[in-house]
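Chemist: This is the structure I want to talk about, given as structure tokens.
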Amino acid sequence: MTEIRTPRLILRRWLDDDVVPLSEIHADPVVMQRIGDGTPRSPEETAQDIEAWEEEWDEEGFGMFAVELLGSGELAGAVGLSVADAPAEVAGQVAISWRLGRVFWGQGYASEAAHATLEFALQDRGLDRVVAVCRTNDEASVNVLDKLGMQAEGTAQHPVHGYDLAVYGIDLTQYQE
């Protein structure tokens with residue numbers, strides 16, 4: 001079982017017990033406002049998300065991690081890797097993303113988890129490049145991407161919802177510098 005420990009977090013594969021706490025995170029409209037069409041997700045949709053993430057682990061050797069607080073065992077959210085299907089500018093490339101419960105914002109957990117995930121991608125899984133996309137007005141995500149050393153590469157439009165996206169990337173040589 002793939003597990004990464006950071007000073008404050010455990011990044012691990014998903015358990016059945018994670019559906020309820022992740023559903024609570026997905027039910028928060030403020031958390032979900034910058035994900036997809038911004039609609040909160042039902043417990044059934046959350047269970048489908050976890051199932052899809054686990055399938056990606058089995059097929060690709062990477063996926064979305066459950067983010068657990070080391071001290072309390074609380075589920076803080078999700079961070080991980082997926083093969084992007086959109087926008088066209090990054091389709092087929094491995095993308096990093098995250099979502100944390102609102103009570104966990106502003107404490108550096110997203111940066112800590114994303115840094116460990118990026119290191120996992122480039123060093124453990126041997127990927128040469130990782131991309132990320134976020135809404136252009138998502139300052140918190142842009143701050144995390146900057147902390148990761150990812151470089152802005154341009155903009156794109158969400159192919160379904162039409163909002164503007166910032167496209168970021170980093171390759172192995174940039175990461176090692």
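The values are calculated or read from the model by the stated rules, or taken from the named source; none is laboratory data. Just so you know, these numbers come straight off a predicted model, no measurement behind them. Cβ atoms come from the backbone with ideal geometry, glycine included; neighbour counts cover every protein chain shown. These area figures cover heavy atoms from the full protein model, side chains too; ligands, DNA and RNA do not enter into them. Shrake-Rupley method; radii C 1.70, N 1.55, O 1.52, S 1.80 Å.
Chemist: For the range 148-177 and the range 59-116, what is the separation of their Cα centres, given in Å?
Modeler: The range 148-177 and the range 59-116 have Cα centres separated by 15 Å.
Chemist: Keeping the other protein chains in place, figure out the carbon and sulfur percent of the accessible area of the range 118-177, with a 1.4 Å probe.
Modeler: 41 percent
Chemist: Translational diffusion coefficient, Stokes-Einstein: compute it for the chain using the Kirkwood radius over C-alpha pairs as Rh, at 37 °C and 0.692 mPa s, and state it as an integer in µm² s⁻¹. Please report the intermediate quantities before stating the final value.
Modeler: Values: Rh = 16.3 Å.
Value of D from the Cα-based Kirkwood radius: 202 µm²/s.
Chemist: Quick check: residue separation of E139 and D37 times 0.36 nm, minus the Cα distance between them. What number comes out in nm?
Modeler: 34.9 nm
Chemist: For D16 and Y163, what does the FRET efficiency come to when R0 = 45 Å and r is the distance between their Cβ atoms, rounded to the nearest 0.05?
Modeler: Efficiency, rounded to the nearest 0.05: 0.85.
Chemist: Please identify, among A86, A121, A113, the residue showing maximal mean-square fluctuation in a Gaussian network model of the chain using a 10 angstrom Cα cutoff.
Modeler: Looking only at A86, A121, A113, the largest GNM fluctuation is found for A86.
Chemist: Sticking with this one: With the other protein chains left in place, how much accessible area per residue, in square angstrom, belongs to the chain at a 1.4 angstrom probe?
Modeler: Accessible surface, normalised per residue, equals 50 Å².
Chemist: Run the helix sum for the chain: -39,500 (n - 2.57) per DSSP H stretch of 4+ residues, divided by residue count, reported at 222 nm to the nearest 500 deg cm²/dmol.
Modeler: -9000 deg cm²/dmol
Chemist: Length gain on complete extension for the stretch D128 to R102, per 0.36 nm per residue less the alpha carbon to alpha carbon distance?
Modeler: 6.1 nm
Chemist: Non-local amide H neighbours of R8 (under 5 Å, H modeled in plane, Pro and chain starts lacking H): which ones?
Modeler: none
Chemist: Using a Förster distance of 25 Å, how high is the FRET efficiency between E55 and Q151, based on the Cβ-Cβ distance and rounded to 0.05?
Modeler: Computed FRET efficiency for E55 and Q151 comes out at 0.25.
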